[in-house]
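I have placed the structure first, in the form of structure tokens, so that the comments after it can refer back to it.
None of the figures in this text is laboratory data; all of them are computed from the coordinates on show. Just so you know, these numbers come straight off a predicted model, no measurement behind them. Every residue, glycine as well, gets a Cβ built from its backbone with ideal geometry; the counts of neighbours run over all protein chains shown.
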Amino acid sequence: LIEQAEQGVDYFTIHAGVLLRYVPMTANRMTGIVSRGGSIMAKWCLAHHKESFLYTHFEDICEIMKAYDVAFSLGDGLRPGSIYDANDDAQLGELKTLGELTQVAWKHDVQVMIEGPGHVPMQLIKENMDLQLEQCHEAPFYTLGPLTTDIAPGYDHITSGIGAAMIGWYGTAMLCYVTPKEHLGLPDKDDVKEGIITYKLAAHAADLAKGHPGAQIRDNALSKARFEFRWDDQFNLGLDPEKAKSFHDETLPKESAKVAHFCSMCGPHFCSMKITQDVREYAAKEGLNEADALAKGMEVKAVEFVKQGAEVYRKV
């Protein structure tokens, strides 16, 4: 610890909540102990049949942390590794211990954040957040997702992004992102990009739900650009401008398409936003509100239809 603190590390993850008495609680789990640090400490406790030295020497560790102004990330070594194991006695027992250790660290003027799960179905996410706030005295919560289902290897950035948005709304302080390679292998730079963008999306959705000042400004700006067919502004205001532009270019690659008042989904004649703009322009020209303009426009088109022979299908 001292060697790394000398090098300038900002925070250490310490799995001090994995106690000897909690280890048997994991015996009937679907996936056992999935935390690397948690499994190492559990094995140490069983091998020596002693309480974790990280727990018994926690105050000594606090003195090192204070001396070097390093923060604690109190690790969730008994986090659930499957939906089946979520919110079990082992997980919640450790959480209570982390709350106890939080107060010890604060007594030494050391900053603390609490690591959270993991794999949690949507209906149990709020309970996780509420218990953490209560038992850890509102210390910042830092969650890995949580993943809301186990059935999507290759898409766990999405399964966890759902949980991240929810727990972000309920009050977590920091999100640890997940890549598409989770459970499958070491991510490459493209996986990292995909995971980070997914989590920026989740965090922003949570900020919107919480009503953070300024959170909706970017949404409003993009929506206005979309309605006004400012395609380049749409791309650049999004989380991944390159991907948005490449998708648009697949069907409308010409530069002229970047100012067109339609996309390839509905084409030039059936774009809902273009039709709405036409209705507004017609209403302004005729001095009508939009509802009256629609009614009058329908009458005009009905007369025009009859004059042209009232044929549903035209010969071309």
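Going through the DSSP H helices of the chain, which span 30 Å or more along their own axis at the Cα atoms while scoring at least -0.5 as a mean Kyte-Doolittle hydropathy?
189-210
Looking at the range 158-256, which GluC sites (Glu not before Pro) are DSSP coil and have at most 13 other C-beta atoms within 10 Å of their C-beta?
Within the range 158-256, the qualifying GluC sites (Glu not before Pro) (loop, at most 13 other Cβ atoms within 10 Å) are GLU228.
Once amide H atoms are built 1.01 Å from N in the peptide plane, which residues 5 or more positions from HIS119, or in another chain, come under 5 Å H to H?
Amide H to amide H, under 5 Å and 5 or more residues apart or across chains, HIS119 pairs with SER82, LEU147.
Do any of LYS189/LYS243; LYS50/LYS181; LYS254/LYS274; LYS200/LYS243 go past 27 Å between their Cα atoms, and which?
Check vs 27 Å cut-off fails for LYS50/LYS181.
Compute the convex hull volume of the Cα atoms of the range 241-316, divide it by the residue count, and report the result per residue in Å³ as a whole number.
148 Å³
List the chymotrypsin sites (Phe, Trp or Tyr not before Pro) within the range 240-279 that fall in a DSSP loop (any state other than H, G, I, E or B) and whose Cβ has at most 10 other Cβ atoms within 10 Å.
PHE270
Collect residues whose amide H, placed 1.01 Å from N in the peptide plane, falls under 5 Å from the amide H of ALA71; neighbours closer than 5 in sequence don't count.
TYR11, PHE12
How long are the semi-axes of the ellipsoid equivalent to the chain, from square roots of 5 times the Cα gyration tensor eigenvalues, in whole Å, largest first?
56, 20, 19
Against the empirical 2.2 N^0.38 Å scaling, what ratio does the C-alpha Rg of the range 213-269 come to?
So the range 213-269 has a normalised radius of gyration of 1.16.
By count of other Cβ within 10 Å, fewest leading, how are PHE227, PHE141 ordered?
Fewest-to-most ranking of PHE227, PHE141: PHE227, PHE141.
Per DSSP H run of at least 4 residues, take -39500 (n - 2.57); add these up for the chain, divide by its residues and hand me the 222 nm value, nearest 500 deg cm²/dmol.
-16500 deg cm²/dmol
Determine Rg/Rh for the range 271-311; Rg is computed over alpha-carbon atoms and Rh is the Kirkwood hydrodynamic estimate from the same atoms.
1.06
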